[in-house]
There are 2 protein chains.
Amino acid sequence: MAETESRPELRYGNRPTMKDVAARAGVGLKTVSRVVNGEPGVTPDTEQRVQEAIEALGFRRNDSARVLRKGRTASIGLVLEDLADPFYGPLNRAVEEVARAHGALLINGSSAEDPAREQELVLALCARRVDGLIVIPAGDDHRYLEPEIAAGVATVFVDRPAGRIDADVVLSDSFGGAREGVAHLIAHGHRRIGFIGDQPRIHTAAERLRGYYAAMEDAGLAADDAWVSLGSTAPERVRDAVTAMLDGPEPVTAVFAGNNRVTVTVVRVLAGRERPVALVGFDDIELADLLQPGLTVVAQDAARLGRAAADRLFRRLDGANDAPARTELPTRLIARGSGEIPPWTP
Amino acid sequence: MAETESRPELRYGNRPTMKDVAARAGVGLKTVSRVVNGEPGVTPDTEQRVQEAIEALGFRRNDSARVLRKGRTASIGLVLEDLADPFYGPLNRAVEEVARAHGALLINGSSAEDPAREQELVLALCARRVDGLIVIPAGDDHRYLEPEIAAGVATVFVDRPAGRIDADVVLSDSFGGAREGVAHLIAHGHRRIGFIGDQPRIHTAAERLRGYYAAMEDAGLAADDAWVSLGSTAPERVRDAVTAMLDGPEPVTAVFAGNNRVTVTVVRVLAGRERPVALVGFDDIELADLLQPGLTVVAQDAARLGRAAADRLFRRLDGANDAPARTELPTRLIARGSGEIPPWTP
DNA sequence: CATTCAGTTGACAACGTTGTCCAGGCCCTA
DNA sequence: TAGGGCCTGGACAACGTTGTCAACTGAATG
């Protein structure tokens, strides 16, 4: 709120308080509190009078005040990279379900892959005194969170590890997944394989690249620098990168795409190409099975990722005190056709 | 939180308060408040002492207390149907961006298409005293919100209208869009056209059905009951419905799918069929252009929907007092192939 | 030197709730 | 009837912040 001028007559729109209810019901303040919270020690008769007053006034407990008094907000914050990215939808939903099961509300925000924005958001959430935080990090230095964590804000990082602090992390096995995906291409006869990934400062991107190199090395293949392209996932950039690899002096016969956004663009480019090129993408995509050919992917279970992170968070909130742990969830290779295309030979 | 037992030593993890900062800096409480809020009337010298104390203690203002005092929470609630549905991602994100521009946080929740859950969520948000609410309704009776709205909670409904109360609404033109989509099929020669939609108690589903009938009537075509199927969007149900239409005594030659989830399933079913069937779907889908044939859709602009709703909300919060309005955004027919398939003739 | 004034500063109440504690009424028993 | 315990109800402080207001400082003015 840019500037909330003080309009005292409008505070919460002048809602009735327990005091008002008490006055109307002719009882004490605390009695109303007892009724509202279902605490024992109120005769049915009194309770009914209070209920009627609540009804008549349209009273609704002010949780802001309650929070202040109780010291717990029953809310958690989830900072992800982009609320609109379909990959994070199931994760978001899974976190919500766990929160709901614990009676907590979910405050959401996107970092837009900007470390400064991530920090701003996280600190705003801390100022709200959320009970816990689940963060998909954009930055690689989270020391700014140290005082918060020390002060008791449970924090779990998901999808990417925290930077320079020791905290709970829930990850997909990016390295292993990429390695498996690239090995799959190699197993189908490919020797010149391209890799198109996100900026290497992003942990998952770096890990997947590492997996690519590992698979190549496992097979005794040298990875030409011209086959590897890292950077923004903007369609133009990816398009240029794929094109360069396919038209270079040593054209690749297969491409490994580092995430869902890259994959989508690569599919588009390959669709316009004459000669077939094999493709395996990291992350599953809706309708991937209906493409011609079906899209072979290394799938991660985003919902499970979210569930695991939220479970961990609430275990912490329930008092678990063990050392921060790193949980790594497996990926799954789903062969649908595009990854099984043999190398093109002139 | 099921039961937050009172652990007073753990309230907010014993964070320092302005009082602590004041004590350490050797100044008064209010002076700290002034520094924290950038209010004038503090000498640079004093300010620095306070800043140092803040730094040293790792103080962070408690917005819960602030909210209680100021009467505004600088947060809005967004209740949608399913956080994981890709259609709502861009809407969610758009709302977030507008909220962010106004310095407000976003509290998110899914109704899971359950009116009771919607109400529960909305009332929880009201108890938190969110400044405003954006709701994608699941239920069709929102009179429970009357006291809240009267008490000053700005409320905007989006995607579907409010039930039995007068409130701001931002919608896509479901009727017009469906009518145009069906007319498109008719223009390509179809006479027997199936309609598969969501449960008709959902407003958009009913409107799209109405658009279907209107288009048929416009063309002087009778719509056979056997061509219309409404109900859950579960894949099995949709699969059965399509199959029945295609194998009935008067088989349809084209299908209009009432939303993205239905469309996806219909595409799958048609892909397994020998004879070509035309298809137009409501809602655009990622990769729709890469299917064979490309998927013809009636697209709505979810981000614009969200932006419009949030803009309206914040205009209300800024004091706009005009009568509740209904905003209807146009849809756009995108022809990609599947809707231009001619009727199959034996 | 008395007075005014602007600029700083802090004491205090208030926001609406919940936790603590005590008072009064009742019933039971001796 | 007195004493004890239980049940119900309310007075009051506290949570951490901000708005109000008055007190103080030092300098400038008469």
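How high is the FRET efficiency between B:Asp218 and A:Asp247 when r is their beta carbon distance and R₀ equals 41 Å, given to the nearest 0.05? Approximately 0.20, to the nearest 0.05. Of the whole protein surface, B:Lys19 contributes about 150 Å² of accessible area at a 1.4 Å probe radius. Rounded to whole Å, the principal axis extents of the Cα atoms in chain B read 93, 40, 39, largest first. Between the alpha-carbon centres of the range B:52-100 and the range B:229-287 there is a gap of 40 Å. Near the amide H of A:Ser172, within less than 5 Å, lie the amide hydrogens of A:Asp159, A:Leu329, all on another chain or at least 5 residues away, with H placed in the peptide plane. Taking all protein chains together and a 1.4 Å probe, the residues B:Asp85, B:Asp141, B:Asp318 rank B:Asp318, B:Asp141, B:Asp85 from largest to smallest accessible area.
In Å², and per residue, what accessible area does the range A:8-61 have when probed at 1.4 Å with the other protein chains present?
61 Å²
Distances between placed amide hydrogens fall under 5 Å for B:Leu230 paired with B:Gly197, all partners being 5 or more residues away or on another chain. Between B:Gly58, B:Gly152, B:Gly177, the GNM of chain B built on Cα springs shorter than 10 angstrom shows B:Gly58 fluctuating the most.
Interface burial in the range A:281-309 reaches 10 Å² or more for A:Ile285, A:Glu286, A:Leu287, A:Asp289, A:Leu290, A:Leu291, A:Gln292, comparing the full protein assembly with the chain by itself; accessible area from heavy atoms with a 1.4 Å probe.
B:Thr243 sits among other residues whose Cβ lies under 14 Å from its own Cβ, and their net charge, with Lys and Arg +1 and Asp and Glu -1, is +1. For A:Arg210 and A:Glu120, what is the calculated FRET efficiency with R₀ set at 30 Å and r taken between the beta-carbons, to the nearest 0.05? E between A:Arg210 and A:Glu120, to the nearest 0.05, is 0.45.
Heavy atoms of chains B and A lose about 6700 Å² of accessible surface on contact, summed over both sides with a 1.4 Å probe.
Here is the P(r) of the range B:232-346: all C-alpha pair distances, binned every 5 Å from 0, give 2, 11, 18, 18, 14, 10, 8, 7, 6, 4, 2, 1, 0 in whole percents.
Across chain A, the relative contact order, built from alpha-carbon pairs under 8 Å that are at least six residues apart, equals 16 percent. Over the range B:40-145, the fraction of Cα-Cα pairs per 10 Å bin, rounded to whole percents and listed from the shortest bin up, is 13, 33, 26, 14, 10, 4, 0. The mean count of C-beta atoms from other chains within 10 Å of the C-beta of residues in B:92-105, rounded to a whole number, is 4. Accessible surface of A:Thr243, taken over heavy atoms with a 1.4 Å probe and every protein chain present, rounds to 50 Å². Here the simple spin-label model places points 7 Å from the Cα toward Cβ, and for A:Ala101 and A:Ala234 these points are separated by 4.2 nm.
Multiplying the residue separation of B:Arg315 and B:Glu39 by 0.36 nm and removing their Cα-Cα distance gives an extension gain of 96.7 nm.
Mean-square fluctuation check for chain A, GNM, Cα pairs under 10 Å: which of A:Arg60, A:Arg326, A:Arg164 is largest? Sorting by GNM fluctuation, first place goes to A:Arg60.
Between B:Arg164 and A:Glu55, the distance separating the two model label sites (each 7 Å from Cα on the Cα→Cβ line) works out to 1.7 nm. Kirkwood hydrodynamic radius computed over the range B:57-207 comes to 17.3 Å, based on all pairs of distinct alpha carbons.
Counting charges near B:Thr345 (Lys, Arg +1; Asp, Glu -1) among other residues having Cβ under 13 Å from its Cβ returns a value of +3.
Simple spin-label estimate for B:Arg304 and B:Arg332 gives 0.7 nm between the two label positions (7 Å along the Cα-to-Cβ direction from each Cα).
Rolling a 1.4 angstrom probe over the protein heavy atoms, how many square angstrom per residue are accessible across the range A:144-186?
Values: 1250 Å² over 43 residues.
Here the per-residue accessible area is 29 Å².
Of the peptides A:257-266, B:115-124, A:212-221, A:35-44, the ranking by mean beta-carbon count within 10 Å, highest at the top, reads A:257-266, B:115-124, A:212-221, A:35-44.
An oblate overall shape is assigned to the protein assembly as shown, the ratio a/c of its alpha-carbon gyration tensor axes (a ≥ b ≥ c) being 1.5 or greater and a/b not exceeding b/c. Per residue, the average separation of C-alpha pairs within less than 8 Å and at least 6 apart gives the range A:1-152 a relative contact order of 21 percent. Bridge orientation summary for the protein assembly as shown: considering DSSP beta bridges with both residues in this region, about 10 percent are antiparallel. Taking the DSSP bridge list for chain B and keeping only pairs wholly inside it, about 10 percent are antiparallel. Peptide B:77-84 has a mean shielding of 4, counted as Cβ atoms of other protein chains within 10 Å of each residue's Cβ.
Output needed for the range B:8-61: three equivalent-ellipsoid semi-axes, defined as square roots of 5 times the C-alpha gyration tensor eigenvalues, in descending order, whole Å. Walk me through the intermediate numbers first.
Details: eigenvalues 88, 21, 16 Å².
So the equivalent ellipsoid measures 21, 10, 9 Å along its semi-axes.
Mean residue ellipticity, 222 nm, helices only, the protein assembly as shown: the sum of -39500 (n - 2.57) across DSSP H runs of n ≥ 4, divided by residue count and rounded to 500, is -12500 deg cm²/dmol. Taking each residue as 0.36 nm, the span from A:Asp20 to A:Glu146 lengthens on full extension beyond its C-alpha to C-alpha distance by 41.1 nm. For peptide B:151-159, the mean count of partner chain Cβ atoms within 10 Å of a residue's Cβ comes to 2.
The values are calculated or read from the model by the stated rules, or taken from the named source; none is laboratory data. As the structure is a computational prediction, the values presented were derived from the model and not from experiment. Here Cβ is always computed from backbone atoms with ideal geometry, including for glycine, and neighbour counts include all displayed protein chains. Ligands, DNA and RNA are stripped out before the accessible areas are found, and what is left, the full protein with its side chains, is counted by its heavy atoms. Shrake-Rupley method; radii C 1.70, N 1.55, O 1.52, S 1.80 Å.
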